[in-house]
Amino acid sequence: MLLIKLGGSVISNKKNYRDYRESVVRGIAKNLPKEDLIVVHGAGSFGHILADEFKITDGFEEWKRLGFAKIERDMLDLNLRILDALVSEDIPAVSMPPHSFITMGKSMNLDIFDFLLEHGFVPLTFGDAVFDVKRGINILSGDILMMELAKRYRPDKTIFLTDVDGIYTGPPDREDSSLIRELPRHLDPETEIKVSDVTGGMDLKISVMREIANYSKVYVINGFHPERIRAVLNDDDFVGTVVL
Ligand code: ATP
Ligand code: IP8
């Protein structure tokens, strides 16, 4: 089985609200297997901009209600576009919007995924704005869904697509940063020096990837070069990072 996350930085331009990258997503869809597959996508500029503006992770307040509703609308819009790209490539994808079946603070019931997979469907889910037992509302990251799905299904391969070639020793646009080809999942002093300059969202993502590496072989590759998905699936040489 392949578990893949289409990162928000690939499917959208994160700087511009609702700026979708249609041809990129269609290119990715063409390179995906048609079965034994679970697809997760990020929110990119369809989710993060309003999530920050309405401080969704700080919990519910009345003034946030419309912002929350707009994020749900935008995420369903993004999800439908991705669903269309998959189905157009004859991938039998079925969408599972997290806000309709996951409440944060309760155990995550993913049983429905068993039914989909048993019947040969391809589950499609995404990072979403969801309800939360304690805070009322919150953000559930697609990376957390990746972790839960990897734990449950132990896919042979797990791929994260981002807008750069893989995990770098520091900010990818800095001249002294270099691509890390192999990242051990276990923390050891030598590797920690390598990734010591990784900041922000990527820092958290790396912990998730390391956790997933206990259940699956994890790859980080550039979604703007979708042929690299095939290379990973065929065990050919590829440009990117493997976490093992
Ligand atoms: P989302 O979480 O919205 O789905 P995503 O999965 O595509 O998005 P981001 O959170 O945007 O991922 O993280 C990818 C970004 O992290 C890249 O654009 C890259 O510039 C940045 N980044 C920062 N430090 C590093 C690093 N050391 N290695 C790789 N990328 C890094
Ligand atoms: O892009 C975040 O999911 P992610 C979801 O996978 C929202 O981190 C709505 C911001």
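Quick notes on this structure:
- Residue list for the stretch 5-28, filter: in contact with a Pro (Cβ under 9 Å, 6 or more places away or on another chain) and surrounded by 23 or more Cβ atoms within 10 Å (Cβ to Cβ): Ile28
- Within the stretch 134-190, considering residues that are in contact with a Leu (Cβ under 7 Å, 6 or more places away or on another chain) and without any contact (Cβ under 8 Å) to a residue 60 or more places away in the chain, the one nearest to ligand 2 (Cβ to nearest atom): Glu148
- Some residue of the stretch 81-91 being within 16 Å of ligand 1 (Cβ to nearest atom) and either touching a residue at least 60 places away in the same chain (Cβ under 8 Å) or surrounded by fewer than 21 Cβ atoms within 10 Å (Cβ to Cβ) (or both): yes
- Subset of the stretch 34-55 (residues that are touching a Lys or Arg at 6+ places or on another chain (Cβ under 7 Å), assigned to a helix (DSSP H, G or I) and of a type in the set (A, V, I, L, M, F, W, C)): Phe46, Leu50
- Residue among Ala69, Ala85 that alone is small (Gly, Ala, Ser), within 30 Å of Glu118 (Cα to Cα) and out of contact with any strand residue (DSSP E or B) (no Cβ under 7 Å at 6 or more places or on another chain): Ala85
- Total residues in the stretch 109-133, condition within 13 Å of ligand 2 (Cβ to nearest atom), under 14 Å from the mean Cα position of the chain (by Cα) and hydrophobic (A, V, I, L, M, F, W, C): 1
Bear in mind that the values in this text are calculations on the coordinates, not laboratory data. Just so we're clear, the structure is a prediction, and the values are computed from it rather than from any experiment. Using ideal geometry, Cβ is built from the backbone for each residue, glycine included, and neighbour counts are taken over all protein chains shown.
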